[in-house]
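Everything on this sheet refers to the single structure shown next.
The values are calculated or read from the model by the stated rules, or taken from the named source; none is laboratory data. Since the model is a prediction, treat every value here as computed from it, not as a measurement. No Cβ is skipped: glycine too gets one built from the backbone with ideal geometry, and neighbour counts run over all protein chains shown. Quick note on the areas: whole protein, heavy atoms, side chains included, nothing else; ligands and nucleic acids left out. Shrake-Rupley method; radii C 1.70, N 1.55, O 1.52, S 1.80 Å.
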Amino acid sequence: MRTLYGLTGVIGSGKSRVAAALANLLGWPLLDCDHLAAQVMAPGGPGVTALARLADRFVDSRGHLRRELLRQAIFSDPELRSKVDRVIHPLIKEELRARLADLPPGARHVLVEVPLLFEAGWQDMFAATICVYARPQVCSHRLQLRDGLSREQATAALCAQMPLAQKVELADHVIDNSGGWWQTRMQIGHLAEFLRAEAL
């Protein structure tokens with residue numbers, strides 16, 4: 001039987017880098033639900049088909065997702081975001097289960113990066129949850145650099161997610177990625193030691 005550990009975090013917090021470093025230290029497989037979502041939403045995929053039924057303006061004539069249009073819409077329209085999540089999250093979970101089934105039998109522990117873990121209500125899937133966070137101004141700056149967003153767009157993206165304080169309260173473990181990477185690495189190392197001992 002496999003034991004799953006879920007890692008989530010605020011957008012712009014650097015959770016993917018933290019997830020990769022933690023999985024490497026532990027020697028555990030890492031599954032990224034953002035990558036699974038990209039496959040589900042690929043042309044002809046079940047996500048695009050379902051989204052086209054919900055709101056066909058987000059899918060072009062060739063069956064490709066109009067990502068930027070969808071992104072802007074869900075950041076500004078909470079009701080639409082909720083509808084899209086209800087359609088897409090079960091498809092991502094189904095893909096995740098398929099990937100878990102494909103892992104070798106010896107992979108007893110698996111780290112899963114789930115950006116919207118708490119929003120999707122997936123807590124019960126995991127033995128423990130980890131939240132990566134950073135100060136809002138740090139996240140905003142990273143989003144502006146990474147995605148070419150304006151300050152207003154970065155703020156809208158941050159406000160569209162569950163409040164940081166709520167995620168931190170729900171998580172079993174937290175990592176503050178506001179400072180230098182060496183500071184974050186120290187926290188990752190301590191957490192790896194704890195999880196390794198807990199998993200024995």
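Here are the numbers for this structure:
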item	result
Options 104, 115: the member that is under 16 Å from the mean Cα position of the chain (by Cα) and of a type outside the set (Phe, Trp, Tyr)	115
Residue 174 part of a strand (DSSP E or B), without any contact (Cβ under 8 Å) to a residue 60 or more places away in the chain and more than 22 Å from residue 84 (Cα to Cα)	yes
Residue in region 192-200 that is open to solvent by less than 60 Å² (accessible area, probe 1.4 Å), assigned to a helix (DSSP H, G or I) and of a type in the set (Gly, Ala, Ser) present	yes
Close pairs from region 60-79: first more than 23 Å from residue 162 (Cβ to Cβ), partner open to solvent by 70 Å² or more (accessible area, probe 1.4 Å) and assigned to a helix (DSSP H, G or I), Cβ under 7 Å, at least 6 apart	none
Every residue from region 128-165 that is in a loop (DSSP other than H, G, I, E, B), in contact (Cβ under 8 Å) with a residue 24 or more places away in the chain and surrounded by fewer than 15 Cβ atoms within 10 Å (Cβ to Cβ)	162
Check on residue 99, closer than 30 Å to residue 127 by Cβ, of a type in the set (Lys, Arg), touching a Leu at 6+ places or on another chain (Cβ under 7 Å) and surrounded by 15 or more Cβ atoms within 10 Å (Cβ to Cβ)	yes
Test: residue in region 50-59 that is open to solvent by less than 50 Å² (accessible area, probe 1.4 Å) and of a type in the set (Phe, Trp, Tyr)	yes
Residue within region 107-119 that is closer than 20 Å to residue 27 by Cβ and in a loop (DSSP other than H, G, I, E, B) present	yes
All positions within region 65-80 that are open to solvent by less than 70 Å² (accessible area, probe 1.4 Å) and assigned to a loop (DSSP other than H, G, I, E, B)	77
